[in-house]
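Okay, structure first, notes after.
Nothing in this text is a laboratory measurement; each read-out follows from the coordinates by a stated rule. As the structure is a computational prediction, the values presented were derived from the model and not from experiment. Cβ coordinates were reconstructed from backbone atoms using ideal geometry, including for glycine residues, and neighbour counts include every protein chain displayed.
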């Protein structure tokens, strides 16, 4: 495993071969905005929030999907990137039905926090107001497709961490939506172990504990690290 | 040739509306109508949502009385879960209900209606508002603002925020009432009593100069409907419905509010987005009823708190057989209720059960239908939901005070227009009297249509051919 040196936002950093720009930046306290990335499960580059400029490349690159190279020069926070991220956020907000004021995750939502961080105070594209369903068939949890941003954290966590692979994505564009067990109501899923990991990793209020009132759903993500560290290092401690 | 006068928009009310006054060929006012011109569709777009979200969702119907919507909605949710709400949660809900009625009434009286009463109905519209009043009646205005502040702060301390608190949920509430909140609220009480006494004394003084208006701004027989407790006293959170007529006869008593559909009917009218209601057993014409402060004080035996009971004697003396039918006296009833609310808040803050730590009962939806009700500032409020087996809302019906007062407001507008509006010599003061008749009822138009709120209102005067004679808009 060779060590590579690169420059991110003017600072020299090192990582090992195979590391992504996002990971190296993260370990050097450079916070790149993201919604689909989740430590412990593979990246898929779904949200495009972590776009960066790489010198010598004409296109922007998703930092979570870009492996580091020797001598690479990366910029993570330029005027152009800030504007693109803002527009991406506006597109996400316009595509679903994200009404914070009546959402179970109001005040505890990664989408809301990032929108605030990016300075999104209005949406410049027309809202699509798609008609989307709420699935409350599960005994413990609910799924509100209106609030889903298709980050697939739940899909990957259920598959890679729990090993149940309940979730998949179906449809395209604004019709893209989560399906349990090839399109069954979640409550009918034979694979679901009712562990609730998907709920805890969901960045928005799309997956929630049933019975939650407005603003009441707080996600606990610490458990994921607990499982991943336990598996990799055999250290079963709450705060590794 | 007949004509129409249009007042558009009507100002100093909560929401968007207009008034049209029809003038016949002889130049006399033949009819007048109050049109509520908003549409919102809350009942429709909550379909498919989890019932657990309903209180926070429905609180958004209104920025003035969100607590009432949250409470009626939570109570409907309690029924769907099929649980008994812990006593501490009931006390918290009651406390916020009193606090909200206090602040909402303060808004209606001090901010919206007092300029008419203090400065006169013919005063220059430029100065006939609370901002201009602040120059000459600073203490009065300041007191009004502080009463409202106290109510809002109490709601915030219990529910987490002043407007649209989401702490009340099906099964109870989400937080324990903090003892420090009582320490903050108690020192306000002496000032609140003093302000209410001053406001009452001041309102009563205006009865003499405004006698002509009081007698003709909505004085007519009707039914009155409101909740009463087990002693027949004022009740805002629970209780049974009592209906009395203008002669003081109890038309119906101890009606179960959760069976409202068997004695209240809604109808659709072409001139307004509101669905007016009537008391079904007496039919559409004779079944016109009023709700809200005036109706509540008419149906109860007593307020049930010492200071408010003293004021009740003066109130009763204004009517015949103890029933006050003049809509102007909604203002007095509102002030008496505010006094009652302050007394009840004081009682509750001293009640150890308010501070109980068991505040929520948990259950899955156990019933497919739930009806919640309470007295909102403007009158009795119902939320009625039907849900599927998973707890998703299939159908919702909201029955709101301003809806129920619609027919009475039409009657008040017509009576006032016929008495005060001279179509040939139209003056601003005449039209303001028509608006003031509406303000007595303190209608909330965004609530009543569950509709998108845009402030303002207007008056039309139209001839028999429908041609527009005059139009007033602010």
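The Rg/Rh ratio for chain B is 0.96, where Rg is the radius of gyration of the alpha carbons and Rh is the Kirkwood radius. Available extension along the chain between residue A:231 and residue A:78 is 51.3 nm, counting 0.36 nm per residue and deducting the alpha carbon span. Each residue in A:72, B:217 was given a count of other beta-carbon atoms within 10 angstrom of its own, and listing them fewest first yields A:72, B:217.
Protection proxy ranking, highest mean first, for peptides B:185-198, B:323-336: B:323-336, B:185-198, where packing is the per-residue count of other beta-carbon atoms within 10 Å, averaged. Beta bridges per DSSP, both residues in chain A: antiparallel share near 90 percent.
Computed from Cα positions, the angle between helix A:79-95 and the longest principal axis of chain A comes to roughly 10 degrees. Compute the FRET efficiency between residue A:122 and residue B:388 as 1/(1 + (r/R0)^6), taking r as their Cβ-Cβ distance and R0 = 22 Å, and round to the nearest 0.05. Rounded to the nearest 0.05, the efficiency is 0.05. Of the residues B:382, B:202, the one with the fewest other Cβ atoms within 10 Å heads the list, and the complete ranking is B:202, B:382.
The mean sequence distance of close C-alpha pairs (under 8 Å, at least 6 residues apart), as a share of the length of region A:1-144, puts its relative contact order at 21 percent.
Expressed in Å, the radius of gyration and Dmax of the Cα atoms of the protein assembly as shown are 29.9, 101. In chain B, Cα pairs under 8 Å separated by at least six residues give a relative contact order of 33 percent. Counting, for every residue in B:159-165, the Cβ atoms of other protein chains within 10 Å of its Cβ and taking the mean gives 1. Helical runs assigned H by DSSP (4 residues or longer) give chain B a calculated mean residue ellipticity at 222 nm of -12000 deg cm²/dmol, each run adding -39500 (n - 2.57) before division by the residue total. Averaging the sequence gap over all C-alpha pairs within less than 8 Å and six or more residues apart, then dividing by the number of residues, gives region A:96-233 a relative contact order of 33 percent. Taking Cα atoms only, the orientation of helix B:406-420 departs from the longest principal axis of chain B by about 30 degrees.
Partner shielding of B:50-60 amounts to 6, given as the average count of beta-carbon atoms from other chains within 10 Å of each residue beta-carbon.
In terms of the mean number of neighbouring beta-carbon atoms within 10 Å, the peptides B:289-302, A:14-27 order highest first as B:289-302, A:14-27.
Taking chain B as the reference, fit the longest principal axis to its C-alpha atoms, fit the long axis of helix B:330-349 to the helix C-alpha atoms, and give the angle between the two in degrees, 0 to 90, nearest 10. Between the helix axis and the principal axis of chain B, the angle is about 20 degrees. Residue order for A:186, B:167, fewest other beta carbons within 10 angstrom first, comes to A:186, B:167. Counting Cβ atoms of other protein chains within 10 Å of each Cβ in A:212-219 and taking the mean gives 6.
As a check on your grasp of the helix formula, calculate [θ] at 222 nm for chain A: sum -39500 (n - 2.57) over DSSP H runs of n ≥ 4, divide by the residue count, round to the nearest 500. Rounded to the nearest 500, it is -6000 deg cm²/dmol.
Averaged over residues, the count of other Cβ atoms within 10 Å places the peptides B:305-317, B:226-238 in the sequence B:226-238, B:305-317, highest first. The calculated FRET efficiency for residue B:126 paired with residue A:113, based on their beta-carbon distance and R0 = 45 Å, is about 0.45.
Each label point was placed 7 Å from the Cα along the Cα-to-Cβ direction; for residue B:156 and residue B:189 their separation is 2.2 nm.
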